[in-house]
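Below is a structure I'd like to ask you about.
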């Protein structure tokens, strides 16, 4: 059995994002290249984003703190703490409207 505090992980990544020149920090908390399932805590400073990119598989974004905007084409969805955003199967980006932390869950295809 493995137990992890997402609150603590989000806080730690938030501290790292605040001092990083990119304004972001991330830590894979479960899975990785040897697994199909991967869960990553990502922190973004307010106004920073993950630029538009392809979806590597089925994915969700669980907002842990702050507010984010997930955009795919002309459509966007805003998320606040506790919200679960399903990532569309198309190019998309994620922007922090406030200092934010999310849990990204991805199941890679193939």
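The values are calculated or read from the model by the stated rules, or taken from the named source; none is laboratory data. As the structure is a prediction and not an experimental result, all values here were calculated from the model. Neighbour counts run over all protein chains shown; Cβ positions are idealised from the backbone, glycine included.
Of the conditions (1) without any contact (Cβ under 8 Å) to a residue 12 or more places away in the chain; (2) farther than 13 Å from residue 93 by Cα; (3) touching a strand residue (DSSP E or B) at 6+ places or on another chain (Cβ under 7 Å), residue 3 fails just one. Which one is it?
(3)
Let me ask something additional. Of the residues 25, 8, which is more than 14 Å from residue 105 (Cα to Cα) and outside any strand (DSSP E or B)? Give the derivation first.
Numbers: 25 fails: outside any strand (DSSP E or B).
Checking each option against the conditions leaves just 8.
Of all residues in segment 30-45, which are surrounded by 17 or more Cβ atoms within 10 Å (Cβ to Cβ) and outside any loop (DSSP other than H, G, I, E, B)?
38, 39, 40, 41, 42, 43, 44
Same structure, new question: Determine, yes or no, whether residue 40 is at pLDDT 95 or above and closer than 29 Å to residue 73 by Cβ. Write out each step before concluding.
On the way: at pLDDT 95 or above: yes; closer than 29 Å to residue 73 by Cβ: yes.
Here the answer is yes, as residue 40 does meet what is asked.
Related question: Against the condition surrounded by fewer than 18 Cβ atoms within 10 Å (Cβ to Cβ), touching a residue at least 12 places away in the same chain (Cβ under 8 Å) and either in contact with a strand residue (DSSP E or B) (Cβ under 6 Å, 6 or more places away or on another chain) or under 23 Å from residue 67 (Cα atoms) (or both), how does residue 21 come out, does it pass? Break it down stepwise before answering.
Working: surrounded by fewer than 18 Cβ atoms within 10 Å (Cβ to Cβ): yes; touching a residue at least 12 places away in the same chain (Cβ under 8 Å): no; either in contact with a strand residue (DSSP E or B) (Cβ under 6 Å, 6 or more places away or on another chain) or under 23 Å from residue 67 (Cα atoms) (or both): yes.
No.
Which condition from (1) over 14 Å from the mean Cα position of the chain (by Cα); (2) modelled with pLDDT of 95 or more; (3) over 18 Å from residue 62 (Cα atoms) is the one that residue 23 breaks?
Of everything listed in (1) over 14 Å from the mean Cα position of the chain (by Cα); (2) modelled with pLDDT of 95 or more; (3) over 18 Å from residue 62 (Cα atoms), residue 23 misses just condition (1).
Another one. Restricting attention to segment 27-52, report how many residues are free of Cβ contacts under 8 Å to residues at least 24 places away in the same chain and touching a helix residue (DSSP H, G or I) at 6+ places or on another chain (Cβ under 9 Å).
Number of matching residues: 1.
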